[in-house]
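I have placed the structure first, in the form of structure tokens, so that the comments after it can refer back to it.
The values are calculated or read from the model by the stated rules, or taken from the named source; none is laboratory data. Since this is a predicted model, take the numbers as computed values, not measurements. Cβ atoms come from the backbone with ideal geometry, glycine included; neighbour counts cover every protein chain shown. Quick note on the areas: whole protein, heavy atoms, side chains included, nothing else; ligands and nucleic acids left out. Shrake-Rupley method; radii C 1.70, N 1.55, O 1.52, S 1.80 Å.
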Amino acid sequence: MPNCTYTYPQNTLAITKFMQEAIILAGGLGTRLRSTISDLPKCMAPVNGKPFIDFVIEYFQQQGIKHFIFSLGYLSEILIEHLDKHIHIDKTYVIEEFPLGTGGAIKKCCYHSFNPNVLIANGDTIFKVSVEELLQHHNSYHADCTLSLKRMENFDRYGTVTLNNDNTIASFKEKQFYEKGLINGGVYILNREKFVQENLPEKFSFETDYLEKFFNHRKIYGLVQDGYFIDIGIPEDFLKAQNELKNI
């Protein structure tokens, strides 16, 4: 399995204060994009002639990420070939032999991380969060997991998240039409050490079987950020990305 080595900081304080490692979930089937891209992993969908995953990697590099752990599944060889040939970063590939769900994929990748906390992001979504601010928020509460939340208006594609006054999660609400609300932006900072100790199955949903199940029983917090957000998971937003990312 292709791999690159990475030298981790020896100073524990540096690891705590600076987020340098990210798990990128890039194994999705992309079922809703099959009519648009039938022979590529979803995160490899071309945006202005450039694979979408490149935008994701470049943004998080700008935010200080130095080591990327890619969770791969469907057509993984295509993504590996592209990254090995064109993207010169410290990286590790973790390939699912069968679909593990988002939770199972994250858990498997956590065993390839050596930091107490790790950033989690999706390969088919860009949410331009401040990683430094998210990590400070996470550390200030000694959180088990911190969610990046995005304000949105007139939407029905996402469920909503509500916060208590102390920034803990108050509720997750199902998908339906909302005039306004906070959505889960899909970027997290996760206490890796605590997460791998949870009694969770090999295959599970991070959103349903961890966040929604444990938000009342674990130290799970949210932080609202207003950075640019695009999720190319449906054809309409894939086309929207072609225009919006043109000058980036």
*At a 1.4 Å probe radius, carbon and sulfur cover how many percent of the accessible area of the chain?*
48
*asked:* Using the basic label-point model (7 angstrom from Cα toward the beta carbon), what is the K213 to E133 distance in nanometres?
replied: 3.2
*asked:* Using a 1.4 angstrom probe on the protein heavy atoms only, could you order D156, D231 from most to least accessible area?
replied: D156, D231
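How high is the relative contact order of the range 111-242? Use alpha-carbon pairs under 8 Å, at least six apart in sequence, and give a whole percent.
It comes to 38 percent, rounded to a whole number.
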_Simple label model, 7 Å out from Cα along Cβ direction - F98 to K203, nm_ = 0.5
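Quote the relative contact order of the chain in percent (integer), defining contacts as alpha-carbon pairs under 8 Å separated by 6+ residues.
Averaging sequence separation for qualifying contacts and normalising by length gives 24 percent for the chain.
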_Fluctuation leader among F98, F206, F60 - the chain, Gaussian network, Cα springs under 10 angstrom_ = F98
*Between N115, N167, N48, find the one with the highest GNM mean-square fluctuation for the chain; connect C-alpha pairs within less than 10 Å.*
N48
*Can you give the net charge of the other residues whose Cβ lies under 13 Å from the Cβ of L100, counting K and R as +1 and D and E as -1?*
-1
*asked:* Probe of 1.4 angstrom, ligands and nucleic acids ignored: what's the accessible area per residue over the chain, in square angstrom?
replied: 48
_With just the Cα atoms defining each centre, how far is the range 71-107 from the range 180-248? Give it in Å._
18
*Rounded to the nearest 500, what is the chain's calculated 222 nm mean residue ellipticity when only DSSP H runs of at least 4 contribute -39500 (n - 2.57) each, over all residues?*
-7000 deg cm²/dmol
*Out of Y228, I120, N191, whose Cα points farthest toward the positive end of the dipole of the chain (charges: +1 Lys, Arg; -1 Asp, Glu; placed on Cβ)?*
N191
*Relative to the Cα centre, what is the charge dipole magnitude of the chain, using +1 at the beta carbon of each Lys and Arg, -1 at the beta carbon of each Asp and Glu, and rounding to the nearest 20 debye?*
180
*asked:* Along the charge dipole of the chain, pointing to its positive end and built from +1/-1 on Cβ of Lys, Arg, Asp and Glu, which listed residue (L40, G28, L163) has its Cα farthest out?
replied: L163
*Quick one: which residues, 5 or more positions from I23 or on another chain, have an amide H under 5 Å from its amide H? H modelled 1.01 Å from N in the peptide plane, none for Pro or chain starts.*
I69, L119, I120, A121
_Show me, for the range 213-220, the HN-Hα J-couplings you get by feeding each phi into the Karplus relation (A = 6.51, B = -1.76, C = 1.60, θ = phi - 60°), rounded to Hz, glycine and proline as x._
7, 10, 4, 8, 10, 10, 8, 10
*Once you sort the root eigenvalues of the Cα gyration tensor of the range 81-129 as a ≥ b ≥ c, which label holds: rounded (a/c under 1.5), prolate (a/b larger than b/c) or oblate (the other case)?*
rounded
_Output wanted: per-residue J couplings in Hz (rounded whole) for the range 195-207, from phi through Karplus 6.51 cos²θ - 1.76 cosθ + 1.60, θ = phi - 60°, x for Gly and Pro._
4, 5, 8, 5, 7, 10, x, 5, 10, 6, 8, 4, 5
_I need the phi-derived Karplus couplings for the range 84-98: 6.51 cos²θ - 1.76 cosθ + 1.60, θ = phi - 60°, integer Hz, Gly and Pro marked x._
5, 8, 10, 10, 9, 9, 6, 8, 10, 9, 10, 9, 6, 6, 8
*asked:* With a 1.4 Å probe and all protein chains kept in place, how much accessible area does Y178 have, in Å² rounded to the nearest 10?
replied: 30
*Taking a probe of 1.4 angstrom, what is the accessible area of T208 in Å², to the nearest 10?*
70
